[in-house]
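Reviewing the structure listed below.
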Amino acid sequence: LEARDNTWYLRAWCHSREALRVFRLDRMGQVEALSAPVAEHPDVSQPESWQIFDPSSADLQVVIECDAHALALIAEYLDRHNPPEKEGDVFVATIPFAHENALVRFVCSHPGVVRVRGPESAKAAVRDFARRALHASETSGDG
């Protein structure tokens, strides 16, 4: 278990991705103890890291843009070896996400702060989520 600011994380082996991953405790819906014994995973070279997010070659590489004031808000997602570049009035960065749902959570956590530039599949994932949310709001009478 690790704490970063006010958020707790569990660094553990992910059986579905066959890789070491970090899970936010507040996003866990159900925890189940497995009867399988702890196994060695030879491809885990450094099981402990100061990084919360360890990119994988299978990650979705998403290009985002944001204003300068937003850089501090998204700093934990940025690659220190590939910092954002200034383009006109905005900064552009590439951020790896394990899957589209993680990207959607990231964008929803930073409303109006980040904009997805690409790839098209990433833009579509965020757009589709927004359309479903708007439709749900309209049909529930909340909107």
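The values are calculated or read from the model by the stated rules, or taken from the named source; none is laboratory data. Keep in mind it's a predicted model, so treat the numbers as computed, not measured. Quick reminder, even Gly has a Cβ in these numbers, built from the backbone with ideal geometry, and neighbours come from all protein chains shown. Remember, those area values only see protein heavy atoms, side chains included, never the ligands or the DNA or RNA. Shrake-Rupley method; radii C 1.70, N 1.55, O 1.52, S 1.80 Å.
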Computed [θ] at 222 nm, deg cm²/dmol, the chain (DSSP H ≥ 4; -39,500 (n - 2.57); rounded to nearest 500): -7000 deg cm²/dmol
Summed residue charge, Cβ within 13 Å of GLU65's Cβ, Lys/Arg positive, Asp/Glu negative: 0
Helix 120-140 vs. the chain, principal-axis angle (Cα, 0 to 90°, nearest 10): 70 degrees
Whole-percent carbon and sulfur share, accessible surface of the chain, 1.4 Å: 52 percent
Amide H contacts of ARG117 (H built 1.01 Å from N, under 5 Å, at least 5 apart or other chain): VAL63, ILE64, GLU65
R0 of 30 Å, Cβ-Cβ distance ASN6-ALA58: FRET efficiency to nearest 0.05: 0.50
Histogram of C-alpha separations across region 81-124, 5 Å bin width, %: 5, 19, 29, 27, 16, 4
Rounded accessible area per residue of the chain, 1.4 Å, Å²: 71 Å²
Rounded tilt (10° steps) of 100-109 against the dominant C-alpha axis of the chain: 60 degrees
Percentage, to the nearest whole number, of Cα pairs in the chain over 25 Å apart: 39 percent
